[in-house]
Amino acid sequence: MITFSNWGEWMRHSLELSATIAFTLSGVMTAARSRLDGVGVYAVSFLAALGGGTLRDILLDLRPFFWVQHVEYLWGVMALSTAAMIFMRRRHFEPTEKVIQLPDALGLGLFAAVGVDVASSHGMPALVAVLMGVITPVFGGVLRDIVCNQIPAAFIDHRPYALCAFLGGWLYLGLQALNTPDWLTLTATVFFTAGLRMLALWRDWQLPIWRVDR
Amino acid sequence: MITFSNWGEWMRHSLELSATIAFTLSGVMTAARSRLDGVGVYAVSFLAALGGGTLRDILLDLRPFFWVQHVEYLWGVMALSTAAMIFMRRRHFEPTEKVIQLPDALGLGLFAAVGVDVASSHGMPALVAVLMGVITPVFGGVLRDIVCNQIPAAFIDHRPYALCAFLGGWLYLGLQALNTPDWLTLTATVFFTAGLRMLALWRDWQLPIWRVDR
Amino acid sequence: MITFSNWGEWMRHSLELSATIAFTLSGVMTAARSRLDGVGVYAVSFLAALGGGTLRDILLDLRPFFWVQHVEYLWGVMALSTAAMIFMRRRHFEPTEKVIQLPDALGLGLFAAVGVDVASSHGMPALVAVLMGVITPVFGGVLRDIVCNQIPAAFIDHRPYALCAFLGGWLYLGLQALNTPDWLTLTATVFFTAGLRMLALWRDWQLPIWRVDR
């Protein structure tokens, strides 16, 4: 079991790393599209990559933030943003967005699970814990878009994103209530959430439209 | 006196409930006007209904938030937003805005009083307490408008709204300093603030204009 | 030495005061350009003058805020904004912006030093401390611009501002590591950062441009 637990740790760190890369690149590209300068690119990358978890910790009153305990995340986001500004061109944006869909979806699942877990282990009621599981992966992008003076994509593009994290969060709590082993709960949540997200992208699922004008 | 105190509790809860409904509906309608999707409607409703009190608690470093202690508020906002998306149409927006003016004004008074009270009972100086009494009812709408990529209505529509809460806050502190019974302080603040707001709407009072271009 | 230390205190308070005046006026003018009403002018002035330090304290979980301990700052910002609304006209804006460049640059250096110092004295790692030294002077303006529905000037105008604070922050940490006396570390950081900023304005230095479209 120790072997497996190590494998679990390794999987979790790989997921975390690849998700952070995906979130950072989404920040870089959004900043470039809004024609921000270099300082703006760094600021928006930080927000996109670390904003959701930071907001969750402020709401739950937890310190230190994970990027204070692991400063290498800050250096990593800065290094990646710098590399992107040196090597990326507009023509790379669309293929990059395709490539990061999968790590982004896996990050959605992982951060949803982590968010729910952190919140419920601090005694939050189920719905609050699930909402923290939505805020953790989603609000980085929300802050990124607000700073770039846009309506957050997660709130306007009619694609299921936050919804996948919401459903994944309930799955996590359900499995936990059934005393499922931690590694299985985590794995199931990540793959369920990421699968739902990828399915939604692949089948072009849309959130139901509110026919307000009818 | 117990009877009266119970009546006071009942009045306070009714006011809180009707104000939360009014704030939620303002969020739903602002989100719809900005063409957000369903996820955006929920997010903006949450911000409009609960954002001001949450920001106050972050500033005062108070936990748990009231919506953690009373999760029924979260469920209520979600249920109301869902119902609005099913039943509301564009033609209902203007009459709804008329109807919610009164509960909104009462909520302005109530949340101003609550904000001042929470802040001053945690040792805040008078001006800080009054500003917390302004933030509590006003910043839900401010966050709502920022997410919808608009300049906050409270800062640009030249109608007295935050100002009523500001004056109501000083009244609250004044009555408290005179050892007025709590129920009377609360009632007077709510009716003074709400009355001022309704009067301002009815007489179409405008904030003085800064003749910056002259 | 006591004389000098008193002189240091006096210098620090003068710098703090003149920086707060500069930040407040930047808030007043941004609000006026976005055609906010009087309430909006006050709100944006508060954010511009006090928002950066407040955000730093929220991130570091420090209370009470400096404007709670020194309510005179709140009264001062309100009084200055009121005076500006009575006496300022559009034709005063450009000369005012010229005049406040120096106190603004000095404030940039002072708040960077204070931000780094507060963060590192609470055990933050070097990079986090430096980023807090950037957030303290810069994020007041960022919040000001977000509320006025603009992309933050610090992120888009290609002029070194946050970068000066970033470099000044490392200088501060370096001098501290060399056991430089506090007054010298503070003075050197303020004049290095402010000098860099003034030089950048005078020589019209631009941040390197990311040739994303090539």
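Every number here is computed from the coordinates shown, using simple stated rules; none is lab data. Just so it is clear, the model here is predicted, and its values are computed rather than measured. Because the Cβ atoms are built from the backbone with ideal geometry, glycine has one as well, and the counts that use them run over all protein chains shown.
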Seminar exercise, completed: For A:10, B:210, B:183, ascending order of other Cβ atoms within 10 Å (fewest first) is A:10, B:183, B:210
Exercise. Dipole magnitude of chain B about its Cα centre, charges +1 at Lys/Arg Cβ and -1 at Asp/Glu Cβ only, in debye to the nearest 20?
Worked result: 620
Exercise. Given just the C-alpha atoms of the protein assembly as shown, how large is their convex hull per residue in cubic angstrom?
Worked result: 188
Problem set entry | Peptide ranges C:26-33, A:58-65 listed from the most packed, as the mean C-beta count within 10 angstrom indicates | C:26-33, A:58-65
For this session: Would you please give the residues with an amide H less than 5 Å from that of residue A:122, counting only those at least 5 places away or on a separate chain, with H modeled from the backbone geometry?
Result: none
Exercise. In what sequence do C:9, C:16, C:97 fall when counting other Cβ within 10 Å, fewest first?
Worked result: C:9, C:97, C:16
Seminar exercise, completed: Listed with the fewest Cβ neighbours within 10 Å leading, A:93, A:166 appear as A:93, A:166
Problem set entry | Shielding by other protein chains, A:146-153, mean Cβ within 10 Å | 5
Exercise. Shortest first, in nm, what separates the label point of residue C:78 from those of the same position in the other copies (7 Å along Cα→Cβ)?
Worked result: 4.1, 4.1
Seminar exercise, completed: In whole angstrom, the spacing between the Cα centers of the stretch A:107-144 and the stretch A:48-84 equals 15
Exercise. Considering only the label points, 7 Å along Cα→Cβ from Cα, what distances in nm to one decimal separate residue A:33 from the same position in each other copy, shortest first?
Worked result: 2.6, 2.6
Problem set entry | Per-residue ³J(HN,Hα) for the stretch C:166-177, Karplus 6.51 cos²θ - 1.76 cosθ + 1.60, θ = phi - 60°, Hz, x for Gly and Pro | 4, 5, x, x, 5, 4, 4, 5, x, 4, 4, 5
For this session: Taking the Cβ of residue B:169 as the centre, find all other residues whose Cβ is under 13 Å away and add up their charges (Lys, Arg: +1; Asp, Glu: -1).
Result: 0
Exercise. What nm distance separates the two modelled labels at residue B:122 and residue A:191, each placed 7 Å from Cα along Cα→Cβ?
Worked result: 4.5
Problem set entry | Exercise: per-residue mean of other protein chain Cβ atoms within 10 Å, B:120-130 | 3
Seminar exercise, completed: Taking the label point 7 Å from Cα along the Cα-Cβ vector, the copy-to-copy distances for residue C:61, listed from shortest in nm with one decimal, are 1.0, 1.0
Exercise. Tell me, what ³J(HN,Hα) does each residue in the stretch C:198-214 have, in order and in whole Hz, if you take phi through Karplus 6.51 cos²θ - 1.76 cosθ + 1.60 with θ = phi - 60° and put x for Gly and Pro?
Worked result: 5, 4, 4, 5, 5, 8, 6, 5, 10, 4, x, 8, 7, 7, 6, 8, 7
For this session: Go through the stretch B:10-24 residue by residue and turn each phi into a ³J(HN,Hα) via Karplus (6.51, -1.76, 1.60, θ = phi - 60°); whole Hz please, and just put x for glycine and proline.
Result: 5, 4, 4, 5, 5, 4, 4, 5, 5, 5, 4, 4, 4, 5, 4
Problem set entry | Neighbourhood charge, 10 Å Cβ-Cβ cut-off, centred on residue B:148 and excluding it, Lys, Arg +1 and Asp, Glu -1 | +2
